[in-house]
Each structure stands twice: as C-alpha cells, then as structure tokens.
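One structure is given here, and the rest of the page talks about it.
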Amino acid sequence: FGASYVYTIPLFLNSGSLMEKSLLGGWVFSGVTTFQAGLPQNVTYGTDTLGLGGGTTNRPDLVGKVTGAKTQKSWFNTKAFAAPVAPWNGGTNNGFGNAGRNAVRGPGLENWNMSLFKSFALTESENTRFELRVESYNTFNHTLFNAVDLGYTDGNFGQLTGADDPRVLQFGGKFVF
C-alpha cells in the first residue's frame, strides 16, 4: 500500500488580521506513507558442503514449521531446518536439502515521510516569495529491518542483520523570485 497526500491547513486563511493570515495561515502538510509485506526468500545450506561439485548451493532439509517469534534475534524458527544428509549416509535427494523456494518471508516495511511548509509573499504580486520547509523521513522512527541471515551454517542464522536509516529531520528555506 502506498499513499501520497497534500493538505492545506484551513486555519487562519480568511482571517481579518494581516499578521494571522500571513504568519499562521497557508501552511501545507504533505506526506508519503508506505506499507509493504516482506519478500519471500530462500534459505541456503552453503556452497558445496557435501562435495557434490560444480559450485552448487545446497538447501537445508525442512523438518518443521518455519513461522516464529519475528523478533530481531529470532525472525523465524531456525529449528525448522536441518543439515541435509549425504547420499552415502542414507540421505535422499542425492544430498540436496528438501526446503523449497521462498521458505521464509523477510521483514515488511512501514514508513511515513512527512513535510510541513509555507510560502511567505514578499511583494504584492506574490511572484517573489520565501518558502520555509520542515521535513521528516521515517517520521515515527520505526526500525526498518531489511536483511535476514538465511545461511544455515552462519552464526547469525535466522536473525535480522540490517536496517534502513532512523528518523531524519530536515529544515530548509527557499527564496523564489
């Protein structure tokens, strides 16, 4: 889901006082809001760990339910995966794991970017003006995780390992003539 919006705040627009109309009236609020589900992702076992040759990437075996706590240290149930068994030890699938594609869904996104701005007329014709802006990115400062360690043999397997930027505030002014 994505939404873009612009709203002119109606306060003091028709005020009789020049001070109220020019300073307090005419502010505009805008923003972009995004909600996205996480992307499906593959769990890997490692590169050629069973000596199968060809630089292949193997998958682990799926032995349980993948859904888990969805926390930073435990995004999914890592015990749902097991090391594949080599064919010479009685394993099936010629030593390749049976975990299917996209066994795990990565973290989603909830992001709010907002701004508040106003133009101040400097002449009667309003061709010359000054614009004041206040902008925020990730306004509510949600942690926006963006990476899950999906390597079965990694020490951080099943953990969230990356995040996008925290809240950023930006102030600006522009002279238009």
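The values are calculated or read from the model by the stated rules, or taken from the named source; none is laboratory data. Remember, it's a predicted structure, so these values are computed and weren't measured experimentally. Please note: Cβ atoms are built from the backbone with ideal geometry, for glycine as well, and neighbour counts cover all protein chains shown. Side chains included, ligands, DNA and RNA excluded: accessible areas come from the protein's heavy atoms. Shrake-Rupley method; radii C 1.70, N 1.55, O 1.52, S 1.80 Å.
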Selection over the stretch 134-155 where residues are open to solvent by 40 Å² or more (accessible area, probe 1.4 Å) and charged (D, E, K, R) yields a count of 1
Assess whether R101 counts as being basic (K, R), loosely packed, with under 12 Cβ neighbours inside 10 Å and touching a strand residue (DSSP E or B) at 6+ places or on another chain (Cβ under 8 Å).
yes
Test result for K65, among the basic types (K, R), modelled with pLDDT of 85 or more, over 19 Å from the mean Cα position of the chain (by Cα) and not in a loop (DSSP other than H, G, I, E, B)
no
Note on the stretch 25-42: residues open to solvent by less than 70 Å² (accessible area, probe 1.4 Å) and either part of a loop (DSSP other than H, G, I, E, B) or not hydrophobic (A, V, I, L, M, F, W, C) (or both) are G25, G26, W27, S30, G31, T33, T34, G38, P40, Q41, N42
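Checking the conditions here, which among G158, G172 is assigned to a strand (DSSP E or B), of a type in the set (G, A, S) and open to solvent by less than 70 Å² (accessible area, probe 1.4 Å)?
Working: G158 fails: assigned to a strand (DSSP E or B).
So the residue among G158, G172 that is assigned to a strand (DSSP E or B), of a type in the set (G, A, S) and open to solvent by less than 70 Å² (accessible area, probe 1.4 Å) is G172.
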Any pair with Cβ under 9 angstrom, 6 or more apart, that starts in the stretch 118-144 at a residue that is in contact (Cβ under 8 Å) with a residue 40 or more places away in the chain and ends at one that is among the hydroxyl-bearing types (S, T, Y) and assigned to a strand (DSSP E or B)
R129/S119; F130/S119; E131/S119; L132/S119; R133/S115
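Here are some residues: T71, T49. Which one is among the polar types (S, T, N, Q), over 15 Å from G151 (Cβ atoms) and either modelled with pLDDT under 90 or not in a strand (DSSP E or B) (or both)?
Numbers: T49 fails: over 15 Å from G151 (Cβ atoms).
T71 is the lone residue from the list that is among the polar types (S, T, N, Q), over 15 Å from G151 (Cβ atoms) and either modelled with pLDDT under 90 or not in a strand (DSSP E or B) (or both).
Does the stretch 120-150 hold any residues that are in a loop (DSSP other than H, G, I, E, B) and either of a type in the set (A, V, I, L, M, F, W, C) or in contact with a Leu (Cβ under 7 Å, 6 or more places away or on another chain) (or both), and which are they? Give the steps one after another, and end with the answer.
If we filter the stretch 120-150 for residues that are in a loop (DSSP other than H, G, I, E, B), which is where we start, we get 122-128, 138-144, 149-150.
Result: L122, T128, N138, F140, L144, L150.
Can we say V134 is modelled with pLDDT under 95 and not charged (D, E, K, R)?
Values: modelled with pLDDT under 95: no; not charged (D, E, K, R): yes.
So V134 does not fit the description; no.
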Selection status of T78, among the hydroxyl-bearing types (S, T, Y), modelled with pLDDT of 85 or more, closer than 25 Å to N93 by Cα and in contact with a helix residue (DSSP H, G or I) (Cβ under 9 Å, 6 or more places away or on another chain):
no
Residue by residue through the stretch 104-120, note down the ones that are open to solvent by 60 Å² or more (accessible area, probe 1.4 Å) and either in contact with a helix residue (DSSP H, G or I) (Cβ under 8 Å, 6 or more places away or on another chain) or of a type in the set (A, V, I, L, M) (or both).
L116
Could you go through the stretch 115-134 and let me know if any residue there is among the hydrophobic types (A, V, I, L, M, F, W, C), touching a strand residue (DSSP E or B) at 6+ places or on another chain (Cβ under 7 Å) and closer than 30 Å to T161 by Cβ.
no
Exclusive hit being loosely packed, with under 15 Cβ neighbours inside 10 Å and closer than 23 Å to A37 by Cα, set T71, T123:
T71
